[in-house]
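Single-structure report; data block below.
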Amino acid sequence: MRSRTFTFTDKQGFTLFVYHWSPDNQEEVKGVVQIAHGMTETAKRYERFARFLTDAGYVVYANDHRGHGNTAGSIEKLGYVGHDGFVWMVNNMAQLSQIIHDEQPNQPLFLFAHSMGSFLGQKYMYEFSQLIDGIILSGSNGSRGVELLAGLGVTKLITAIRGDQYRSRWIDSLAFGSFNRHIQSPRTQFDWLSRDQIEVDKFIDDPYCGGVSTTSFYRDFFKMLREIQQEPYLQRIPKDLPVFIIAGDQDPVGMRGKGVRKLVERYEELQLQQMSYKLYPEGRHELLNDINRKEVMQDCLEWLNKQVERTRG
C-alpha cells in the first residue's frame with residue numbers, strides 16, 4: 001500500500017489535513033472510497049480499513065474534520081469547529097470529493113461515513129449526492145425529536161453565556177454518560193465503542209481521541225441533526241442513490257438497533273430504491289474496530305464491488 005498526506009484550504013481559510021492510501025499497482029484500481037470519521041477521533045484510525053480496501057483495488061482518502069486530528073493543529077484546539085462548523089464540514093467533504101474526481105478521473109466514488117461522520121453523510125446525501133456513486137452509513141441513527149430540541153436549547157444558552165470555546169463536562173456527560181449502561185461491569189468509560197479491549201485502550205491512549213468538545217460544537221451538531229430529519233431536505237435525496245446502513249445491535253448511538261431501524265424505515269418511506277442494511281448481533285459502536293471487523297469489512301467490500309459492477313455495467 002502506498003500512502004501520502006496532503007492539505008487543502010477551504011473558502012473560510014481553514015486548512016484540512018488528508019490521508020491518501022492507494023494500491024501498489026495503480027493499474028488494478030477499481031474505485032475510490034472517501035471516509036468521513038466520527039466525533040473526537042481521527043482519520044488515521046482508518047488505516048487498517050484502508051489497507052484492506054487497497055488490497056482489494058480501491059484508492060482511499062480520509063480527511064481530519066475541523067476540530068479533529070491534524071486539521072485542528074493542536075490538542076488545545078480539538079473540539080472547536082468555528083462558525084457554522086457542521087455546514088462547513090460537509091462543504092469540506094464535498095471539496096475533497098472534487099479533488100478526488102480531479103485526481104481519479106472516471107473512477108466511481110463511494111463515501112464511508114461513521115458516527116458523527118454518518119450524520120454529515122446524511123446531509124451529504126441531499127446536498128452533494130451528485131459527487132458520489134453510493135454511501136455506507138456506519139454507527140448512525142434516526143430522528144430524536146424532543147430530546148434533540150432540548151439539547152439544542154441548552155447548548156445555545158450555555159454558548160451565549162460562556163462563549164464559543166467553552167467546554168462543559170456536564171454537556172459531554174449528558175451526551176455520552178449513559179452509553180455504557182447496558183454493559184455488565186464495564187472496564188472503562190469507552191467500552192461501548194468495541195468488545196476488543198485492545199482497540200478501546202488504543203482510543204483512550206490517543207491524545208487526539210475522546211476529548212470534551214466545545215458547547216458551540218454541540219450546538220451546531222444538534223442544529224444539523226434537526227435539519228437532516230426534516231421532510232424538505234429528505235425529499236431531495238435521489239431515489240436511486242445506493243445506501244448501505246451498518247450498525248451493531250448493541251450500539252448506544254443507534255439506540256441498540258431501534259434508531260437504526262427507524263432510519264431504515266424512513267428511507268423506505270422515501271422509496272430509496274437501492275437501500276440495504278445489516279445489524280450485527282452483539283456489535284458495538286465501532287464495527288471496524290470490533291471483534292467481528294473482518295466480517296464487517298468483507299460485507300462493505302462486497303457491497304462496493306457490487307456498486308462498481310453497476311456503475312461500469
Subject >> About the Cα centre, charge dipole magnitude for segment 129-182 (Lys/Arg +1, Asp/Glu -1 at Cβ), debye >> reply: 280 debye
Subject >> Selected from 253, 200, 33 as most flexible by GNM, with the chain as the system and alpha-carbon contacts under 10 Å >> reply: 200
**OP:** Work out the length of the dipole vector of segment 110-202 about its Cα centre, built from +1 on the beta-carbon of each Lys and Arg and -1 on the beta-carbon of each Asp and Glu, and round it to the nearest 20 debye.
**Re:** 360 debye
**OP:** Would you please give the FRET efficiency between residue 2 and residue 306, computed as 1/(1 + (r/R0)^6) with r the Cβ-Cβ distance and R0 = 25 Å, to the nearest 0.05?
**Re:** 0.45
Subject >> DSSP bridge orientation in segment 2-312 - percent antiparallel, rounded to nearest 5 >> reply: 35 percent
Original post:
Applying the Karplus parametrisation 6.51 cos²θ - 1.76 cosθ + 1.60 with θ = phi - 60° to the phi angles of segment 2-19, what ³J(HN,Hα) value in whole Hz is obtained for each residue in order, glycine and proline being reported as x?
Top reply: 8, 9, 7, 10, 7, 10, 9, 10, 8, 5, 8, x, 6, 9, 9, 9, 10, 9
**OP:** Could you give the size of the charge dipole of the chain about its Cα centre, using +1 on the Cβ of each K and R and -1 on the Cβ of each D and E, expressed in debye and rounded to the nearest 20?
**Re:** 680 debye
Original post:
Based on the alpha-carbon gyration tensor of segment 2-312 and its eigenvalue square roots a ≥ b ≥ c, which shape applies: rounded if a/c is under 1.5, prolate if not and a/b is larger than b/c, or oblate?
Top reply: rounded
**OP:** Can you find, among 222, 234, 149, the residue farthest towards the positive end of the dipole of segment 2-312? Put +1 on the C-beta of Lys and Arg, -1 on that of Asp and Glu.
**Re:** 149
Original post:
Counting only pairs 8 or more places apart or on different chains, how many lysine pairs in the chain have C-alpha atoms closer than 20 Å?
Top reply: 20
Original post:
Given R₀ = 30 Å, FRET efficiency for residue 170-residue 282 by Cβ-Cβ distance, to 0.05?
Top reply: 0.45
Original post:
How much mean residue ellipticity at 222 nm does the chain get from its helices, if each DSSP H run of length 4 or more adds -39500 (n - 2.57) and you divide by all residues, to the nearest 500 deg cm²/dmol?
Top reply: -12500 deg cm²/dmol
**OP:** Work out the charge dipole of segment 2-312 with +1 on the Cβ of Lys and Arg and -1 on the Cβ of Asp and Glu about the Cα centre, then indicate which of 161, 29, 39 is farthest towards its positive end.
**Re:** 161
Subject >> Approximate spin-label separation residue 76-residue 188, in nm, with each point projected 7 Å along Cα-to-Cβ >> reply: 2.7 nm
Subject >> Per-residue ³J(HN,Hα) for segment 169-177, Karplus 6.51 cos²θ - 1.76 cosθ + 1.60, θ = phi - 60°, Hz, x for Gly and Pro >> reply: 5, 5, 4, 4, 5, 5, 6, 10, x
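Only the coordinates and a few stated rules stand behind these numbers; no lab work does. Not measured: the values here are computed from a predicted model. In this analysis, Cβ positions are derived from the backbone assuming ideal geometry, glycine residues included, and neighbour counts consider all displayed protein chains.
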